[in-house]
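**Student:** I'd like to ask you about the structure that follows.
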Amino acid sequence: MMSDLETIYRQYGKMIYGFLLSLSHDEHLAEELMQETMFRAVMNIDSFRGDSKISVWLCQIAKNLYYENAKKQRRFEPIDTMEQKDDASDVETRLEDKAAAHRILQILHTLEDPYKEVFMLHALGDVPLNKISALFGKSESWARVTYYRAKALIAAKLEGGR
């Protein structure tokens, strides 16, 4: 069994990791899910029917694991994150409303860096947080926290300005 795992891992590991990285945009999560994919593949190799390539079968296992993980994350979201969403819940939605968008841009102009830049890159430029973290030479969690703090600052100023 160990040689089966090593063979599958060596032959398909990088491809599965790349696939999971493209789904998750998180290196650690992709690595963890790739290892779990390989483990499940070896444990369930008897269920592989052979009507597709083994790489397709492995990608299906990986995709299912990714969605299982995403569902768990939504179900067990930390309370502090949920509160943050309530406070800054619809900053992005308000961007659609022109008057609110103008007010948000005015507030955004008053924010200090890095909040201003991180918010603009992510919310307005659709730059992923992992790319923003690389631009600043910081961790992805730093980019995520900075973005959500910027949202909270904008939401607070929107509420205070009414």
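The values are calculated or read from the model by the stated rules, or taken from the named source; none is laboratory data. Since the model is a prediction, treat every value here as computed from it, not as a measurement. With ligands, DNA and RNA removed, areas are computed over all heavy atoms of the protein, side chains included. Shrake-Rupley method; radii C 1.70, N 1.55, O 1.52, S 1.80 Å.
**Student:** Which of the residue pairs Lys72/Lys157; Lys71/Lys131; Lys14/Lys53 have a Cα-Cα distance greater than 26 Å in the structure shown?
**Tutor:** Over 26 Å apart, Cα to Cα: Lys72/Lys157.
**Student:** Rounded if a/c is under 1.5, else prolate if a/b is larger than b/c, else oblate: which is segment 103-155, with a ≥ b ≥ c the root eigenvalues of its Cα gyration tensor?
**Tutor:** Here segment 103-155 falls in the prolate category.
**Student:** Next up: What order do Asp26, Asp113, Asp46 take when sorted by accessible area (1.4 Å probe), most exposed first?
**Tutor:** Listed by decreasing accessible area, they come as Asp46, Asp113, Asp26.
**Student:** Next question. Quote the accessible area belonging to Tyr17 in square angstrom, nearest 10, computed with a 1.4 Å probe and with ligands, DNA and RNA left uncounted.
**Tutor:** 60
**Student:** When only the heavy atoms of the protein chains count and the probe is 1.4 Å, how do Phe119, Phe19 rank by accessible area, highest first?
**Tutor:** From most exposed to least exposed: Phe19, Phe119.
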